Amino acid sequence: MTKPRILFVDDEPHVLDGLQRALRSRCNSWQMSFLVSPIEAIAEQRRLPFDVAVVDMRMPVMSGVELIKELGALCPGTTAIVLTGATDIESAIAAINEANVFRFYAKPCSAEVLAAGIDQALIQTAQKNANPAMMSPDATLGLATLNRLPTGVVVVDADANILFMNSLGTEYLASGDGLTMSPTGLCRTNRQAETAELHRLVKLAVDAGGDAMAHALAVTREEADRPLSVVIAPLPAEHSNGRVAVLLINDPERQSLPSVDTVTKLFDLTDAEARLALALSEGQRIEDAAEKLGITVNSARTYLKRIFSKTDVTRQAELVRLILAAPTLSDLGAVKRPSQSRPSR
């Protein structure tokens with residue numbers, strides 16, 4: 001059989017030299033190329049596509065995201081792994097959301113961990129090749145839909161191995177605060193006791209199948225006051241490894257509210273009325289909302305009366321429930337964050 005082709009791209013030659021020495025034992029099973037130039041990597045991909053590409057995130061000529069997109073355009077079957085510095089986590093998230101990235105690792109990454117990730121990427125590629133339906137238009141549509149949800153979605157098997165993440169689920173795990181992903185693809189938390197409880201609830205959901213109840217878990221974070229809210233539930237589907245469970249993840253400090261345009265069209269509000277309704281839904285007092293919108297408090301109260309009439313509610317709490325029930329999308333234009341951020345530590 002032809003050896004899998006593995007590409008390593010990093011603009012620092014000493015990093016590539018270290019990887020080449022550390023992975024020398026894999027020469028019998030992999031055909032490896034170590035390149036400092038993204039342009040050369042693209043040329044090699046055009047000549048003969050790679051099975052896996054291990055790419056540094058920050059390079060002077062072309063970013064890791066740009067290179068991954070170029071490699072994917074030439075051969076969609078190439079699976080990408082990203083190496084990123086601790087300060088480049090946002091870029092890593094962008095790579096996962098925007099390009100075909102299988103996994104990310106923080107630098108420095110041991111050769112053993114990286115080799116294990118490459119092995120898993122090769123297994124996934126083989127599974128996709130054996131089951132073309134995984135790349136069907138229906139599957140693509142489903143993934144695009146999940147990526148617009150304001151909830152993180154992570155699918156795991158009975159052992160809590162991660163099988164799928166939508167964009168927001170990936171972002172939560174990539175942050176490393178609360179939920180994380182181990183080098184071998186295991187979903188875990190930052191605290192041993194919470195990890196044990198998470199794995200217990202996952203196994204409970206998988207073993208019980210469709211008859212299982214959903215269970216909730218609060219996952220402690222170091223960089224936020226409130227924990228992540230995680231719901232673990234069975235899925236009425238099976239993977240090649242057996243039955244699976246889904247983790248639904250929400251951040252209480254990350255409010256997902258509908259856009260102004262959505263509120264105006266759903267409830268027949270003016271732009272000013274919609275903005276006031278959204279400000280109140282964020283928990284602001286009417287006085288603070290009026291100041292933020294540049295109107296008087298009396299004008300805000302007049303707007304609120306009109307909003308009550310148009311939405312057929314009589315109390316502010318009812319209005320807030322109505323706004324929070326409106327559809328939202330997970331993208332940069334639709335996500336509302338708290339107005340006061342927590343001081344950095």
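The values are calculated or read from the model by the stated rules, or taken from the named source; none is laboratory data. These numbers were taken from a predicted model, which means no experiment stands behind them. Note that we place each Cβ from the backbone using ideal geometry, even for glycine, and neighbour counts take in every protein chain shown. Note: areas computed on protein heavy atoms with side chains; ligands, DNA, RNA excluded. Shrake-Rupley method; radii C 1.70, N 1.55, O 1.52, S 1.80 Å.
Here are a few things to note about the model shown:
- Heavy-atom accessible area order for L217, L228, L235, largest first, 1.4 Å probe: L235, L217, L228
- Around the amide H of M32, modelled in the peptide plane, lie the amide H atoms of I6, all under 5 Å away and 5 or more residues distant in sequence or on another chain.
- Working note: Karplus 6.51/-1.76/1.60 with θ = phi - 60° gives the stretch 248-254 the couplings 9, 10, 9, 9, x, 8, 10 Hz, where Gly and Pro are set to x.
- Ranked order, S309, S110 - accessible area, probe 1.4 Å, largest first: S309, S110
- Treating r as the C-beta distance of R321 and E223 and R0 as 35 Å, the FRET efficiency rounds to 0.70.
- Remark: the stretch 186-285 carries 51 Å² of accessible area per residue (probe radius 1.4 Å; ligands, DNA and RNA excluded).
- Long-range amide H partners of N147 with built H, under 5 Å: S167
- Between the beta carbons of D271 and V231, assuming R0 = 35 Å, the FRET efficiency works out to 0.50 to the nearest 0.05.
- Set of aspartates and glutamates near K305 by C-alpha distance (under 12 Å), chain-local residues within fewer than 8 positions excluded: E273
- Between amide H atoms placed 1.01 Å from N, distances below 5 Å from V244 occur with L235, A237, H239, all of them 5 or more places distant or on a separate chain.
- Integer Hz, Karplus 6.51/-1.76/1.60 couplings in order for the stretch 221-229, x for Gly and Pro: 10, 8, 9, 8, 6, 9, x, 5, 9
- Taking θ as phi - 60° and the Karplus parameters 6.51, -1.76 and 1.60, the scalar couplings of the stretch 34-39 work out to 10, 10, 8, 10, x, 5 Hz in sequence order, x denoting glycine and proline.
- Spin-label model, V313 to M213: label points 7 Å out along the Cα-to-beta-carbon direction sit 3.0 nm apart.
- Note on the stretch 9-67 and the stretch 150-207: Cα centroid distance 29 Å, given to the nearest whole angstrom.
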